[in-house]
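Everything below concerns the one structure shown next.
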Amino acid sequence: MIKTKKSAPAEKISFADQNLLKILCGEHDKHLKFLEKLASVKIKPWGNSLSVSGDDAAVLIASRMLKQLYGIMQKGWHVHISDFDYAHRILAEDIDFDLSRIFLETVFISSKKRIITPKSITQRHYIDAMRNADMVLAVGPAGTGKTYLAMAMAVSDLLEKKVQRIILTRPAVEAGERLGFLPGDLAEKVNPYLRPLYDALYDMVDMEKAGALISKGLIEVAPLAFMRGRTLNDSFIILDEAQNTTSEQMKMFLTRLGFNSKAVVTGDITQIDLPAEKSSGLIEATAILKKIDAIRIVHFSQVDVVRHPLVADVISAYAFWENENKTNKNK
């Protein structure tokens, strides 16, 4: 006689506030349906309770997640469907993690009344690093919030008068295009390279206020070449796309730091647009500076991607393809 594996008994979770439970479940239970796909479980609402069934490990993650999100909602958090994705990824990595440490950690409230909070454990470490260190290097793939969170911290520090200005900079490296063929003077040629920094800024502060801060010199957006020869005091400085700095440019930037200033360097070492004969200043800096305790280096991975879920899959697919190509070349 063949023995069939018995499924584990469903876990029943009761909630005191039925109105909060309805919000937790989402309109037409869309949050629960999304969680069922994420965690490979079955969830049945029943009065003031939810019944969660499936594999033991999956049930444990889903149950703890529902309990914690409900508790966070009791403290005033407005839950969104994307929060289920973030919460599931966090608990899948660390089942004992307290989600309130992330969801109730407000970094900044933007002009659009959007509450900016960390969305992963690494993002939380990154925020702590920016608060406690004067120099932070953040390395990882696109969509992990490296530049966005740095911008939120910078705007928050400026508005709280912890610094007197924000300086946003990027290397103007040609990714298949040539600056010389672009119309206009130098400022107009490099402006497209700085556009992502403006986009992030306008997401924090409305365009009119941002324009006023820029005209007063309280926010400066400039190509990296413009940093040479300067000492930057009382500033929050962000160097974006740092994988495209040369060794000389990175050393020049890191030695611009003045008194009462913070420097945050962000980049993705899988997207280097430098000529083959040039070494990435970001790769060198992470190796050279890793033993300096006062400098924090934060490494992100595709687990921390907070864009559309497909972005993480795209990053993983490219990483797999590149590894396969390297393996085949070495044969």
For helix 81-93, what angle does its Cα long axis make with the longest principal axis of the chain, in degrees from 0 to 90 and rounded to 10?
90
With DNA, RNA and ligands ignored, accessible area of THR169 (1.4 Å probe; Å², nearest 10)
0
Please give the solvent-accessible surface of ILE167 in Å², to the nearest 10, using a probe radius of 1.4 Å with every protein chain present.
0
Spherically averaged projected area in nm², based on the convex hull that wraps the Cα atoms of region 99-157:
4.1
For the full complex of protein chains and a 1.4 angstrom probe, list ARG230, ARG101 by accessible area with the highest value first.
ARG101, ARG230
Can you tell me the relative contact order of the chain? Whole percent, Cα pairs under 8 Å, sequence separation 6 or more.
17
Of every hundred units of 1.4 Å-probe accessible area on region 235-294, the number belonging to carbon and sulfur atoms, as a percent, is 55
Of all DSSP beta bridges having both residues in the chain, the percent classed as antiparallel (nearest 5) is 30
Label region 30-112 by shape, choosing from rounded, prolate and oblate, from the square roots a ≥ b ≥ c of the eigenvalues of the Cα gyration tensor; if a/c is under 1.5 it is rounded, and otherwise prolate applies when a/b is larger than b/c, oblate when it is not.
prolate
Could you provide, to the nearest whole Å², the per residue accessible area of the chain with probe 1.4 Å?
55
Ordering VAL107, VAL303 by the accessible surface of their heavy atoms, 1.4 Å probe, largest first, yields VAL303, VAL107
Beyond 24 Å, the calculated P(r) of the chain holds a percent of Cα-Cα pairs equal to 61
Accessible area of region 1-151 with a 1.4 Å probe: how many percent of it is carbon plus sulfur?
54
So what's the angle, to the nearest 10 degrees on a 0 to 90 scale, between helix 186-204 and the longest Cα principal axis of the chain?
30
Taking all protein chains together and a probe of 1.4 Å, list ASP94, ASP304 from the most accessible to the least accessible.
ASP94, ASP304
Would you kindly find the accessible area of MET135, with a 1.4 Å probe and non-protein molecules such as ligands, DNA and RNA excluded, rounding to the nearest 10 Å²?
20
In a shell of Cβ-Cβ distance under 10 Å around SER247, excluding SER247 itself, what net charge do Lys and Arg (+1) and Asp and Glu (-1) give?
0
Angle check, please: helix 146-159 long axis (alpha carbons) against the longest principal axis of the chain (alpha carbons), in degrees 0 to 90, nearest 10.
70
In 10 Å bins starting at 0, how do the alpha-carbon pair distances of region 193-291 split up by percent?
14, 43, 33, 10, 0
TYR318: net charge of surrounding residues, Cβ under 12 Å, Lys/Arg +1, Asp/Glu -1, itself excluded?
-4
Sort region 1-140 into rounded, prolate or oblate with this rule: let a ≥ b ≥ c be the square roots of the eigenvalues of the Cα gyration tensor; rounded if a/c is under 1.5, and if a/c is not under 1.5, prolate when a/b is larger than b/c, oblate otherwise.
oblate
Which of rounded, prolate, oblate describes region 91-132, given a ≥ b ≥ c as roots of the alpha-carbon gyration tensor eigenvalues and a/c under 1.5 marking rounded, otherwise prolate only if a/b is larger than b/c?
oblate
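The values are calculated or read from the model by the stated rules, or taken from the named source; none is laboratory data. Source: prediction; values computed, not measured. Positions of Cβ are backbone-derived with ideal geometry, glycine not excepted, and every protein chain shown enters the neighbour counts. Accessible surface is based on the protein model in full, side chains and every heavy atom, while ligands, DNA and RNA are left aside. Shrake-Rupley method; radii C 1.70, N 1.55, O 1.52, S 1.80 Å.
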